[in-house]
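Engineer: Would you mind keeping the following structure in view while I ask a few things?
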Amino acid sequence: VENITYEEKAIIIVKADVDGEYQVYVDETPYTAIVQNGIGNVTVDGLTVGTHTANVTVTNGNYSGTDSTTFNVAIKQTNAKVTVENITYGTNANIIIKADVDREYLVYVDNTPYTVHVKNGSASFTVGGLTVGDHAANVTVTDGNYSGTDSTTFNVSKAKSEVDIEFANETTGAPLLE
């Protein structure tokens, strides 16, 4: 058995000098391998991240034999990406997450956490009330079977304010400057 990455299938290869049925246990789950011409296999999917044990026993009553091995299921890397456009004070920041694995991700905007569910490769949400200046956004997968992170910075610029000054005659109220 070769080491695999989460979501990949493990192929347990049984080599024996006696053809027939062999009982294969991966952890506690039983499978049957049919050995023909000295080789057979069992395909196992749905394994969690971590170390697993495969045990093989011949089921033919005229023979005895066992073997055991361990293999590892590694964490799968995801391609998570976070993007945020620069904004002006008083508007909301639109946080966009793109990822190759649909599931929950943890997003921090500055030090505030948000849980976002990516579906069909993307998710977005808005954050308001941000102060003027630079801000950070980072995304991390929240599942122990996956690993991935990305970060970006964005800026909240000052809002422009229109100011009009009029000078008026104190007595008549008529404008002094036109």
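Engineer: Quick one: compute a quarter of the convex hull surface over the Cα atoms of segment 1-134 and quote it in nm².
Structural biologist: 10.8 nm²
Engineer: When only Cα pairs under 8 Å and 6 or more residues apart are kept, what is the percent relative contact order across segment 1-109?
Structural biologist: It rounds to 24 percent for segment 1-109.
Engineer: Give the peptides 104-112, 137-145 in descending order of average Cβ contacts within 10 Å, highest first.
Structural biologist: 137-145, 104-112
Engineer: Right, something else. Taking the dipole about the Cα centre of segment 1-128, with the C-beta of Lys and Arg at +1 and of Asp and Glu at -1, give me whichever of Ile13, Asn37, Asn79 is farthest to the positive side.
Structural biologist: Asn79
Engineer: How much of the DSSP bridge set in segment 1-88 is antiparallel, in percent, rounded to the nearest 5?
Structural biologist: 95 percent
Engineer: On to the next question. How many lysine pairs are close in the chain, with Cα atoms under 19 Å apart and the two 8 or more places apart or on different chains?
Structural biologist: For the chain, the number of qualifying lysine pairs is 6.
Engineer: Where the only charges are on Cβ atoms (+1 Lys, Arg; -1 Asp, Glu), what is the dipole of segment 1-94 about its Cα centre, to the nearest 20 debye?
Structural biologist: It comes to approximately 300 debye.
Every number here is computed from the coordinates shown, using simple stated rules; none is lab data. Please read these numbers as outputs of a predicted model, since none were measured by experiment. Cβ atoms come from the backbone with ideal geometry, glycine included; neighbour counts cover every protein chain shown.
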